[in-house]
Amino acid sequence: MKHLQRPVRRALLVVHVAVSVAWLGLSLGLLTLGLTAYTTQDPTLTQASYRAMKVFADWLLAPVALVTLGSGLVLSLGTPWGLARHRWVWIKFWLTLATAAATIFALRPEINHAAAEGVPDSSLVAAPMVSTTAYLFMTAISVLKPWGLTRRGRRLRESAKSRAPRARAAARQGEFP
């Protein structure tokens, strides 16, 4: 994929950060509602918490997860970071894909079931806790960019280094590589 132009890249980065933060906030909200539903002794509060979770699950979870995944994928493919060049990007991609799939195919149906039943469900505490941890981890590696290049990234870097002297020599002779 061709590198994104600077204004497009910056706009897409803003979108990606915004929806990623929204996903983290949504997960914290679901965790709060899940804890409330699970720990309260009031059945009406349990039911209300699960119904609130259902609203978030029905209207926000899938779109936020998919926009986060899509914008991250386009950013990785349209910038020098690449998708499979740096370990932190590669790990973040797979974690985002896994959490998006779990959110859409496991968490949403479980929330719908709990909203219908109104019975405390420990999985609706565990799932948002795991997803919140995953999103915080992905935020940390986005900032810290640890672990260096993947095998593919090292190979591409070596290939670029070996082409550079030939390109400079050709430019000195007036040739174009």
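Place a +1 charge on the Cβ of each Lys and Arg in the chain and a -1 charge on the Cβ of each Asp and Glu, then give the dipole magnitude about the Cα centre in debye, rounded to the nearest 20. Could the numbers behind the result be given before it?
Numbers: 21 positive and 7 negative charges, 390 e Å.
Computed charge dipole of the chain: roughly 1880 debye.
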inquiry  = On the principal axes of its Cα set, how long, how wide and how thick is the chain? Give whole Å, largest value first.
reply    = 82, 29, 23
query = Using 1/(1 + (r/R0)^6) with R0 = 22 angstrom and r between the beta carbons of Trp81 and Thr133, what's the FRET efficiency to the nearest 0.05?
reply = 0.40
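Report Rg/Rh for segment 6-58, rounded to two decimals, where Rg is the Cα radius of gyration and Rh the Kirkwood radius.
Values: Rg = 16.0 Å, Rh = 12.7 Å.
My calculation puts Rg/Rh at 1.27.
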task = Pop out the ³J(HN,Hα) list for segment 95-105 in order, Karplus 6.51 cos²θ - 1.76 cosθ + 1.60 with θ = phi - 60°, rounded to Hz; leave Gly and Pro as x.
result = 5, 5, 4, 5, 6, 5, 5, 5, 4, 6, 9
request  = Could I have the simple spin-label model distance between Ala11 and Arg152, label points 7 Å from Cα toward Cβ, reported in nm to one decimal?
outcome  = 2.8
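Run the dipole for segment 1-103 about the Cα centre, Lys and Arg Cβ at +1, Asp and Glu Cβ at -1, nothing else charged, and hand back the magnitude in debye, nearest 20.
Values: 9 positive and 2 negative charges, 131 e Å.
Dipole about the Cα centre, nearest 20: 640 debye.
Could you give the length gained by full extension between Leu35 and Lys145, i.e. 0.36 nm per residue of separation minus their alpha carbon distance, to one decimal place?
Values: separation 110, 0.36 × 110 = 39.60 nm, distance 3.27 nm.
Roughly 36.3 nm would be gained on extension.
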request  = Using only the alpha carbon atoms of segment 73-172, find the Kirkwood hydrodynamic radius as the inverse mean reciprocal pair distance, in angstroms to one decimal.
outcome  = 16.6
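Every read-out reported here was derived from the displayed coordinates using simple, explicitly stated rules and does not represent laboratory data. Values in this document were obtained by computation on a predicted structure and should not be read as measured data. Neighbour counts run over all protein chains shown; Cβ positions are idealised from the backbone, glycine included.
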